[in-house]
Structures are given as structure tokens and as C-alpha cells.
1. For the subset of the stretch 1-55 comprising residues that are acidic (D, E) and farther than 19 Å from G165 by Cβ, which member is modelled with the lowest pLDDT?
2. Filter the stretch 67-101 down to the residues that are open to solvent by 10 Å² or more (accessible area, probe 1.4 Å) and hydrophobic (A, V, I, L, M, F, W, C), then identify the one that is farthest from V6 (Cα to Cα).
3. Mind listing whichever residues of the stretch 175-213 are in contact with a strand residue (DSSP E or B) (Cβ under 7 Å, 6 or more places away or on another chain), farther than 20 Å from V52 by Cα and not aliphatic (A, V, I, L, M)?
4. Filtering the stretch 11-44 down to residues that are part of a strand (DSSP E or B) and open to solvent by 20 Å² or more (accessible area, probe 1.4 Å), which residue is nearest to N384 (Cα to Cα)?
5. Going residue by residue through the stretch 143-160, is there one that turns out to be open to solvent by 30 Å² or more (accessible area, probe 1.4 Å), in a strand (DSSP E or B) and touching a Pro at 6+ places or on another chain (Cβ under 9 Å)?
6. How many residues does the stretch 372-397 hold that are in a strand (DSSP E or B), open to solvent by 30 Å² or more (accessible area, probe 1.4 Å) and either of a type in the set (V, I, T) or farther than 27 Å from M287 by Cα (or both)?
7. Report yes if some residue within the stretch 76-85 is among the β-branched types (V, I, T) and in contact with a strand residue (DSSP E or B) (Cβ under 7 Å, 6 or more places away or on another chain); otherwise report no.
8. Identify, from the list E324, E349, the residue that is among the charged types (D, E, K, R), part of a helix (DSSP H, G or I) and surrounded by fewer than 19 Cβ atoms within 10 Å (Cβ to Cβ).
Amino acid sequence: MRRVVVTGLGCVSPVGNSVDETWEALTQGKSGVATITRYDNTPFKVKYAAEVKNFDPTKYMDQKAARKMAYFTKYAVAAAKQALDDSGLTDNKEVLDRASVFLGIGIGGFEVTEANMETYFQSGKTRMSPMTIPLLIPNEASANISMAFGIHGATHTIATACASGTDAIGDALDNIRCGRSDVVLAGGAESTMNGFGNLGFNVLQALSTKWADDPSKASRPFDKQRDGFVMGEGGTILVLEEYEHAKSRGAKIYAELAGYGASSDGYHLTAPNPDGIIGGRCMSLAMKDAGITPADVQYYNAHGTSTHLNDSGETKMLHMAFGEAAKNLHISSTKSMTGHCLGNAGSLEALICVKAIENGFVPPTINLDEPDVEGGCDLDYTPNKGLSLGINVAMSANFGFGGHNGCLVFKKIN
């Protein structure tokens with residue numbers, strides 16, 4: 001089986017507009033959650049979010065192109081440019097001509113939907129922008145990456161809610177293993193920073209609402225006082241490459257993408273199965289695919305949404321998949337700092353696993369003042385302060401509405 005490695009990284013996140021900025025903020029435990037500025041939050045119960053800040057799309061594309069993209073697409077193209085520059089492939093037309101793009105997009109251009117629905121109804125159902133559909137449909141991010149960089153292999157979009165970014169990377173792994181591609185730009189993007197997204201998730205009682213006086217404390221996975229997730233946004237790209245192909249061109253190799261597992265709860269539209277059995281299965285499948293045992297894993301980046309159902313359920317999954325080894329596992333939820341980036345969550349957290357291996361560091365779970373032990377959150381979640389640690393194997397997992405479960409395994413390259 002062909003080995004797959006990571007040779008480039010790029011991201012735009014609520015805590016930084018590059019990989020270095022993002023990683024530095026995470027190691028220091030800095031929150032990206034603040035009062036909403038993108039739109040007037042006055043009518044809404046939810047007053048805060050983890051917005052991308054000071055993002056200038058013209059650093060990555062010309063202004064004319066940017067006008068034809070929704071936020072999620074701009075973030076994806078920017079992350080792709082960063083990752084390609086990092087990989088040394090930006091000007092390699094021969095390789096890019098045969099490369100592919102696999103992106104996870106949970107929703108797409110929500111702000112486009114909102115704006116044009118207003119126009120539609122206000123005009124008596126007679127008007128909307130001709131760019132409405134091209135801007136809002138989820139596949140436009142991968143299509144724009146293809147157009148921007150001359151990529152002519154498969155350009156796929158995977159929509160499995162909050163597991164989208166993870167599943168896109170997993171599908172890219174399989175694509176390279178079976179020989180369809182030597183290089184795949186894999187990751188995710190999302191932006192739901194508008195009133196439509198705010199209200200849509202809040203009426204599900206999914207969002208945190210009680211920390212308006214100090215938004216930086218709102219995302220608190222595994223903590224007794226958690227009251228829902230905080231909306232995040234951004235884009236992340238990993239350049240995945242067949243190992244011998246990367247070696248032959250002298251590429252920098254960050255880590256090996258060694259395994260992927262997926263499962264479906266078949267249980268509920270929005271809630272995970274509380275018994276954790278099927279979610280734990282995807283973790284076990286990923287470890288089997290990577291040829292490792294639970295005892296081999298040093299770091300697990302949790303889905304850790306800061307909701308009561310996820311955090312207790314995910315802990316059950318870890319107990320089932322890892323057995324006694326769960327007690328020795330170093331866990332953190334970086335959503336405590338980035339918020340929940342939805343379709344981009346899994347790709348951003350995969351990148352964090354790669355950086356954790358590279359730097360030998362476990363980022364903290366901030367705002368974890370009192371673990372909800374009575375609620376089943378009884379493992380080591382690296383509270384409030386990061387940990388220097390030699391990491392040979394790191395895992396991340398994500399669980400989406402509808403019961404979509406995905407898990408990735410990364411190894412230090414030998």
C-alpha cells in the first residue's frame with residue numbers, strides 16, 4: 001500500500017491568518033472568541049463567535065476574483081495558496097496538472113443565501129443576483145482552487161456536517177493509496193457568520209449564550225459550566241503526497257497520514273448516540289488502518305464541542321476504543337480557542353495534530369476550570385496549559401449532525 005505524507009500546510013483561522021500565527025496562539029492558550037463584528041448582533045441571543053480577523057483576500061487572489069467568492073471559498077483559496085507555497089509546488093505546473101482537490105464543506109455560502117433571500121422577498125420574488133447560486137454552492141471552493149492553481153485532477157466536495165474536513169482528508173488518503181493521484185490538496189472551509197446561521201443553530205439550542213460579558217470564556221469543552229458550542233470559521237489545506245513522489249523531489253515531510261476510519265450512528269438528526277459505541281468504532285478502524293494499537297497514541301485532538309452531549313459521549317467513545325490506554329492519553333480540544341469551525345473543524349484539527357508531532361507539544365483545553373467528572377468527563381484533557389511531549393502518533397476525530405463519524409491517524413515520519 002502506497003504511503004501518504006503531508007508536505008504542505010495552510011490555514012486561515014479565528015486565531016491567525018497563517019499556520020504560524022495559528023499555532024503560536026494555540027500554544028499560548030489564546031482565545032479567538034469575541035463579540036460579533038461581522039453583522040449587527042442586536043436581534044440575536046447569541047452575541048459572540050470566533051470570527052476570522054483582519055483577513056485580506058487580495059494577498060492570495062486578485063480583487064476581481066475575490067468578488068466572485070463567498071467567505072468560505074476565499075478562506076479555502078487562501079489556505080491552498082499558503083499550503084502550495086509551503087510545499088514548493090506553487091509553480092510546478094506538471095505536478096499540479098495531475099493533482100486533485102478534496103474539500104469538506106458542511107454548508108457553503110450562508111451569507112449569500114441570507115442576502116439574496118432578502119432581495120427575493122423584498123422584490124416580490126422577482127430579483128436576486130445572478131451570482132447567487134455560483135457563490136453559495138459548496139463545490140465552488142474546490143472549483144476555485146482548481147481554477148486558481150491549474151489543478152486538473154478530481155475536485156471533490158464532501159459534506160458530512162462537522163466531520164466534512166476529516167472525511168475529505170480520509171478520502172484523499174484512499175485516492176493516493178489506490179494510485180489515482182500522487183498529490184491531493186485536502187482540507188475544508190466554512191463560514192456561517194451571519195444572522196441566518198446564528199439563529200439557525202441557536203433554535204436548535206446548540207450555541208453558547210451565557211458569556212456575553214466575557215466571550216473568551218464561552219467555549220469550555222469538558223467543563224461543568226459549558227452551555228453549547230461557539231461558532232467558528234476559516235479554511236485549512238494539507239498537501240498530501242505519495243511518499244516516494246515527495247522524496248524524489250526533496251520535499252519537506254511533516255508527518256505521515258497513516259490511517260482513517262469512518263462510521264455512521266444511524267441514530268438521530270442532530271444528537272450523537274449517547275452510548276458511544278459506533279463513534280468509538282471509527283477510532284478503532286482508524287487505528288487498525290494505521291497498523292497501531294491504542295498504547296501507541298500519545299495525543300488525541302478531541303471533537304470537544306463544549307456541548308453536554310458531545311463531551312460526555314466522546315469520552316465514552318475514547319474509553320471504548322482505547323480501553324485502559326485511555327487513562328494515559330493526552331487529550332485537548334482546541335475548539336476551546338478556535339470555536340467550532342463546522343466543515344473546517346476536522347481539517348484544522350488535523351493540521352494541529354501535524355504541528356503537535358512536529359513541535360512535540362500538546363495544546364491546552366482552555367477554560368477547563370472544573371472537569372465535569374459527574375457527567376462522564378473523566379480523562380486528561382490538558383487543562384489550561386499546554387504540555388511539551390514527544391509525540392510519535394496523534395489522532396483527531398470529528399462527529400457531525402446526522403451521525404457522521406470520522407477519525408484520522410498521523411505518525412511521525414521514519
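1. At the first step, the residues of the stretch 1-55 found to be acidic (D, E) are 20-21, 24, 40, 51.
Keeping just the survivors that are farther than 19 Å from G165 by Cβ gives 20-21, 24, 40.
On the way: D20: 98, E21: 98, E24: 98, D40: 95.
This residue is D40.
2. M69
3. Scanning the stretch 175-213 gives N175, R177, S181, D182.
4. Going through the stretch 11-44, the residues part of a strand (DSSP E or B) turn out to be 11-13, 16, 34-35.
Right, trim to open to solvent by 20 Å² or more (accessible area, probe 1.4 Å) and you get 34-35.
On the way: A34: 18, T35: 22 Å.
Within the stretch 11-44, the match that is nearest to N384 (Cα to Cα) is A34.
5. yes
6. Here is the first cut: in the stretch 372-397, the residues in a strand (DSSP E or B) are 383, 387-388, 393-397.
In the following step, the residues that additionally are open to solvent by 30 Å² or more (accessible area, probe 1.4 Å) were identified as 383, 387-388.
From what's left, either of a type in the set (V, I, T) or farther than 27 Å from M287 by Cα (or both): none.
Residues that pass the stated criteria total 0.
7. Going residue by residue through the stretch 76-85, those that are among the β-branched types (V, I, T) are 77.
Now restrict to residues that are in contact with a strand residue (DSSP E or B) (Cβ under 7 Å, 6 or more places away or on another chain): none.
No, the stretch 76-85 contains no residue that is among the β-branched types (V, I, T) and in contact with a strand residue (DSSP E or B) (Cβ under 7 Å, 6 or more places away or on another chain).
8. On the way: E349 fails: surrounded by fewer than 19 Cβ atoms within 10 Å (Cβ to Cβ).
Of the residues listed, the single one that is among the charged types (D, E, K, R), part of a helix (DSSP H, G or I) and surrounded by fewer than 19 Cβ atoms within 10 Å (Cβ to Cβ) is E324.
The values are calculated or read from the model by the stated rules, or taken from the named source; none is laboratory data. Quick caveat, the model's predicted, so the values are computed rather than measured. Please note: Cβ atoms are built from the backbone with ideal geometry, for glycine as well, and neighbour counts cover all protein chains shown. The area values use the complete protein model at the heavy-atom level, side chains included, leaving out ligands, DNA and RNA. Shrake-Rupley method; radii C 1.70, N 1.55, O 1.52, S 1.80 Å.
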